[in-house]
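Can you keep this structure in mind? I'll have questions shortly.
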């Protein structure tokens, strides 16, 4: 046994002793249809065929809990368990700073108490689980879609109801997998004092390594759930799209996926020097002044996870979030564009997308929202889209951005955010692939803005507003204020049209289908998805950024 293997065995023993939980109940005839044998052991899911037409398995651990000696360690495949493991409940979201797209402090669910976790530690370090949904019929060799959530690589959780994969699985006729991965300083921290000599762990890209391990689980177990391991599409939105692009250029992802759907994100890498500068400052913030660097690192490793999130919040108030998806030269290339130009990337069909008004979700960054995040969340949570509210744009948008359509107003400011944060990196990324000879590049733009007033002007076709359409999840989540009975016919038709495009793409590498009623040209051509209150449309367009 090599030294590295002996160390790994010791690490596994320490971590598993405290965290491994298994069920040993034998499968009964009643639930045999949802008991499946994975490479790690048996899992019992939920038969939801009468309600949603799906079978689901939730909270399947794909990696050892990254706790104790496995904190800031490269991802370790979960050891096998005995008996039948219950897979009917979501696993905890990964430990993170509470934000609008975070889980509630009380667990991996969405509710009013999400607001009580804002800027506080929520989630758990023991979080590396995934969820599987598929149609309830017995068909096999279905396409597999693996979804990676967004949240600036700082927050997010696979149990967010916006990512409920059951409708997408049924409507797209696919196996859909959603995953948890480490975020923030637990997901990306390049501190030399943490180095062990393992080039993967020493990269600082722990969140990326989690995603790679989840894809390996999918590769090994797709057939168990009726999926085709030779037809896997990775899909992500926002930071999830940044991760999808990173996986396309990672030398470690070979053979793990066949297509990519990155939405509202592009090739974006953290600079190693900036990451190390942040890590050293974070070390000081987290443990205070300590003369001995080795002692400081030891205290960092032993600190409660919540204390480290609190230090991240304090540090963020001064310098912003830590660099993520680090161009370390091992897990990820030092120069993404150069790697693509050299052919050192996964040359797969790509379906990218943007919303027309991405920037309208980020008014807090420029002081454009009047209410605090706490008050805005509360207002939106209780807003009834089917009843007049008396709420106006003036109640939500700061005076300096009014009128919204005037010079320097909210529309103009949001357009600047859209261009600065989103459209430029998408263009650079798609153009790099085209220059390298990839001839399967497709792009959509999302224009739906039929929210009840005043949200049609405040948010419109904002960042992430396309996700409820992609997943057909309109009944619960952050955006329920937008979905009224009045706009239901049009948005449901638009959702079906978009899912049909995804279904076509994961099967053929092209999103073209008869229901579009339009020809989808390759990049820089696009399809513009939109709807009024009753009718969905898909019209040809071209990139505008």
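The values are calculated or read from the model by the stated rules, or taken from the named source; none is laboratory data. Because the structure is predicted, anything quoted here is derived from the model rather than measured. Glycine also receives a Cβ, built like all others from the backbone with ideal geometry; neighbour counts cover every protein chain displayed.
Within the range 17-39, identify whether any single residue is at negative phi, at pLDDT below 95, assigned to a helix (DSSP H, G or I) and in contact with a helix residue (DSSP H, G or I) (Cβ under 8 Å, 6 or more places away or on another chain), and answer yes or no.
Yes, there is a match, as at least one residue in the range 17-39 is at negative phi, at pLDDT below 95, assigned to a helix (DSSP H, G or I) and in contact with a helix residue (DSSP H, G or I) (Cβ under 8 Å, 6 or more places away or on another chain).
Further, regarding this structure: Among the residues of the range 82-134, what is the count of those that are without any contact (Cβ under 8 Å) to a residue 12 or more places away in the chain and within 16 Å of the chain's Cα centre (by Cα)? Explain how you work it out, then say what you get.
Filtering the range 82-134 down to residues without any contact (Cβ under 8 Å) to a residue 12 or more places away in the chain leaves 106, 111, 113.
Keeping just the survivors that are within 16 Å of the chain's Cα centre (by Cα) gives none.
Of the residues in that region, 0 qualify.
A quick yes/no check of all residues on (1) in the same structural domain as residue 511 (by TED's automatic domain parsing); (2) on the phi > 0 side of the Ramachandran plot; (3) outside any helix (DSSP H, G or I); (4) surrounded by fewer than 21 Cβ atoms within 10 Å (Cβ to Cβ):
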| residue | (1), (2), (3), (4) |
| --- | --- |
| 391 | yes, no, yes, yes |
| 400 | yes, no, no, yes |
| 406 | yes, no, yes, yes |
| 415 | yes, no, no, yes |
| 442 | yes, no, yes, no |
| 460 | yes, yes, yes, no |
| 465 | yes, no, yes, no |
| 476 | yes, no, yes, yes |
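Given the options 288, 265, 226, name the one that is more than 22 Å from residue 191 (Cα to Cα) and surrounded by fewer than 24 Cβ atoms within 10 Å (Cβ to Cβ).
Details: 288 fails: more than 22 Å from residue 191 (Cα to Cα); 265 fails: surrounded by fewer than 24 Cβ atoms within 10 Å (Cβ to Cβ).
Exactly one residue qualifies, and that residue is 226.
Could you tell me whether residue 137 is under 30 Å from residue 362 (Cβ atoms) and either surrounded by fewer than 19 Cβ atoms within 10 Å (Cβ to Cβ) or outside the structural domain of residue 210 (by TED's automatic domain parsing) (or both)? Quick ask: steps written out before the conclusion?
Working: under 30 Å from residue 362 (Cβ atoms): no; either surrounded by fewer than 19 Cβ atoms within 10 Å (Cβ to Cβ) or outside the structural domain of residue 210 (by TED's automatic domain parsing) (or both): yes.
In short, no.
How many residues does the range 481-523 contain that are part of a loop (DSSP other than H, G, I, E, B), in contact with a strand residue (DSSP E or B) (Cβ under 6 Å, 6 or more places away or on another chain) and farther than 24 Å from residue 429 by Cα?
1
Give the residue, chosen from 338, 303, 342, that is under 20 Å from residue 94 (Cβ atoms), more than 22 Å from the chain's Cα centre (by Cα) and at pLDDT 95 or above.
Working: 338 fails: under 20 Å from residue 94 (Cβ atoms); 342 fails: under 20 Å from residue 94 (Cβ atoms).
Of 338, 303, 342, the one residue that is under 20 Å from residue 94 (Cβ atoms), more than 22 Å from the chain's Cα centre (by Cα) and at pLDDT 95 or above is 303.
Would you check if there is a residue in the range 427-436 being touching a residue at least 60 places away in the same chain (Cβ under 8 Å), assigned to a loop (DSSP other than H, G, I, E, B) and not assigned by TED's automatic domain parsing to the domain that holds residue 244?
Looking for residues that are touching a residue at least 60 places away in the same chain (Cβ under 8 Å), assigned to a loop (DSSP other than H, G, I, E, B) and not assigned by TED's automatic domain parsing to the domain that holds residue 244, one finds at least one in the range 427-436, hence yes.
Which helices (runs of 4 or more DSSP H) does the range 214-329 wholly contain that include 3 or more residues that are under 28 Å from residue 430 (Cα atoms)? Full working, then the answer.
Numbers: elements: 239-249, 272-287, 293-302, 305-319.
Answer list for the range 214-329: 239-249, 272-287.
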